[in-house]
Amino acid sequence: KSAVQTLALDIPGLPGKTSLLGLPEGGLSSKAILLQSTGPGFLRYELSSDPAQPPREPTASSSTIGQGLKLDPPEGSLSAYSLRYRSFDSAGRALDEGGEASFVIDRDPPPPPRLSSEVPGYSSRPLSLSFVPSEATVMVAVDVDSRPGSYSAVTGPLSLEGSPSGTVEYRIRSYAVDKAGNRSADSPVKAVLVDLGTLYVAEGGPVDGDGSRDSPFPSLDKALGSLSPASGSAQRKTLHLRGTLALSSPLALEGFDLVIEGGYDSDWKRAPGLSSALHISGGEGPTPMLALKGSSLSLTSVSLRAPRLEGPLFELQGSELRISSSSILASTGGDLLLFDIRDSRLGLSATEVLVGEGGSVSILGARNSRIDLEKSSFTGSGSTYFSALSLEGGSLGVRNCSLSSTALLGTRLMEVRNAAVDIDGTSFDVQGGGGFLSYGSFEACTGRLVNSHILLTWEGSGSLFRIKGGKMAFLQDSFYCLTRKGSLRFFDAEGPNLTLKNSIFSAKGEANILISSPSLPSPGDVASNCLWGFKTLVSGPRSLIDVRSLNEYNDKALAGPGLPNFLEDPYLTWGPNPPGAFVLQASSRCLDGGLALVELGWDFAGQRRPSGSGFDVGADELQH
């Protein structure tokens, strides 16, 4: 191998091409541009923003880009640029052929989108909305019933379909984005109510009204007639009422759900405390005015007036009826059943029911149904016989209600068989008559009557409650009952199926009896009660005459003595002129005299009872 030889050559280097960086993609930008050069040479340029004067060829004396060339036109402007550039060495010799570029900096946002036609605030039909054509992209978000929508590009008509089940409130928000990326200001929000499910009925509506909000039906009969399957309104399931209206033809619903709401003002807005009056002039013969079969009906803020009913006002079969914030006033020349219910559900809330003149009038007759009554009143006034609630099978729930009667010859407030019963915070008041009397008859029922007031002013003998089979408990109740011509039996019971605890039983009459039964109650089931005015406490083959014998009976059968029953004059319990408001006297033995019934946390007036021990006797706590 030969020795290594080295040859050193000095060859001038060839400069690389200098290029331009920062040109906008597609030649359009909505932001400032910074142009920079890269490479060994000096990049020189000529720039023009005047389309009539294009830039000249760069020379060795043209400006260099150097550290960068920033183009930043003001906001709201549209600037077009033409640029020619070429790289030179330090001696001023051109190193390449150079290049050209044209671009636009658009900093002028597009106008907000505009709808091609005026948008109504209300429509009874689906709507199709279009925006005025624009080179910018229209971005739209549609909020539905307060649920915010997401923005998306709209290229065609915008459909607001509504819903056949009721009103749908739409809020349309929009803005535009141009090709440069500029965002417009937000367009004014458009609110639209599309109402496919509501018919409007107004006192004084036009004769040719079509049921829309702007042209309501003039009568309820016409509105209900439009619900037939042959009509175009059959899909509508809500009626809004305004003013005083009449119903002269019976309504039969089968397989249909209907909502009727009253209390609307001239702008079709719900007004607090306002209801719509509905005068019912039909009801001739046994035909019910409102018959439901496999259907549901909801009434809100409606005052029903039926002065000459002959048949039921409501008849339900396999259906559901809900009435709230309403009133019903009915009377008849003969006999009347207001609610005839089978295999159905009835719910009344904050509703007043009054049946007036008639022979034998009854508010409710139900079979195998669920009845829920809350914050409502049921009154029989001026009839010969009055019955409030009659139920066989199913369940009865009554909370914070009142049942009262001034019938001339007979009253039965409740008659319940084979049902679950829960009555809480309710007032029962019977005044005047001297014939048949029954506050409640419970046969084969399980349940309770608690936190309630029972008042009676009577002209003869009578029996308040009858218990046959099942098991009924009366807890934390206040009774104030008197008769001027006879004696009262508070409970007729068959067997040990009755519990009385923490209640005040006050009677005034000739020979009053608390419990009449063929057998004694179970030991401890009649305890911690305040008793006054009874000749006999338990009457039957085995009797307990006075409080001492009742307490001894309880104590002997129990492991230890419980809180005993006691005697107290009602004047000491409630003060002068009892019952007044059933407010306990501070000196009454009823204070802290009851068992701890922890499941009864609230009294009749909605006051919280003490936890643990220290329960008062009666429906009310001491009011300070």
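The values are calculated or read from the model by the stated rules, or taken from the named source; none is laboratory data. Just so we're clear, the structure is a prediction, and the values are computed from it rather than from any experiment. Every residue, glycine as well, gets a Cβ built from its backbone with ideal geometry; the counts of neighbours run over all protein chains shown. Accessible surface areas use protein heavy atoms only, side chains included; no ligands, DNA or RNA. Shrake-Rupley method; radii C 1.70, N 1.55, O 1.52, S 1.80 Å.
Details
- Flag for Ala507 being aliphatic (A, V, I, L, M) and touching a strand residue (DSSP E or B) at 6+ places or on another chain (Cβ under 7 Å): yes
- For the stretch 173-190, the set of residues classified as open to solvent by less than 60 Å² (accessible area, probe 1.4 Å) and in contact with a strand residue (DSSP E or B) (Cβ under 6 Å, 6 or more places away or on another chain) consists of Arg173, Ser174, Tyr175, Ala176, Val177, Ala180, Ser184, Ser187, listed by residue number.
- Residues within the stretch 194-221 that are under 10 Å from Leu241 (Cα atoms) and buried (at least 21 other Cβ atoms within 10 Å of the Cβ), tallied: 7
- Restricting attention to the stretch 184-202, the residues that are of a type in the set (D, E, K, R) and not in a loop (DSSP other than H, G, I, E, B) add up to 2.
- Figure legend. Inter-residue proximity from the stretch 319-339: first residues part of a strand (DSSP E or B), second residues open to solvent by 30 Å² or more (accessible area, probe 1.4 Å), beta-carbon distance below 6 Å, spacing 6+ or different chains. Indicated pairs: Glu320/Arg345; Ser324/Ser349; Ser324/Ala350; Ser327/Glu352; Leu329/Arg305; Leu329/Leu354.
- Comparison of Lys31, Lys70 shows that the only residue that is under 23 Å from Gly181 (Cα atoms) and touching a residue at least 40 places away in the same chain (Cβ under 8 Å) is Lys31.
To keep it simple, each residue is scored yes or no on (1) over 36 Å from the mean Cα position of the chain (by Cα); (2) without any contact (Cβ under 8 Å) to a residue 40 or more places away in the chain.
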| site | (1), (2) |
| --- | --- |
| Ser90 | yes, no |
| Ala94 | yes, yes |
| Phe103 | yes, no |
| Arg107 | yes, no |
| Pro112 | yes, no |
| Ser116 | yes, yes |
| Tyr122 | no, no |
| Pro126 | no, no |
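- Flag if Glu169 is closer than 24 Å to Ser276 by Cβ, open to solvent by 70 Å² or more (accessible area, probe 1.4 Å), touching an Asp or Glu at 6+ places or on another chain (Cβ under 7 Å) and in contact (Cβ under 8 Å) with a residue 24 or more places away in the chain: yes
- When the stretch 131-150 is filtered for residues that are surrounded by 13 or more Cβ atoms within 10 Å (Cβ to Cβ) and more than 20 Å from Leu196 (Cα to Cα), the ones remaining, listed by number, are Phe131, Ser134, Ala136, Thr137, Val138, Met139, Val140, Ala141, Gly149.
- Residues in the stretch 248-299 that are within 16 Å of Phe339 (Cβ to Cβ), among the polar types (S, T, N, Q) and in contact with a Ser or Thr (Cβ under 9 Å, 6 or more places away or on another chain): Ser295, Ser296, Ser298.
- Take the conditions (1) open to solvent by 70 Å² or more (accessible area, probe 1.4 Å); (2) over 30 Å from Val177 (Cβ atoms); (3) part of a strand (DSSP E or B); Thr6 misses just one of them, which is (3).
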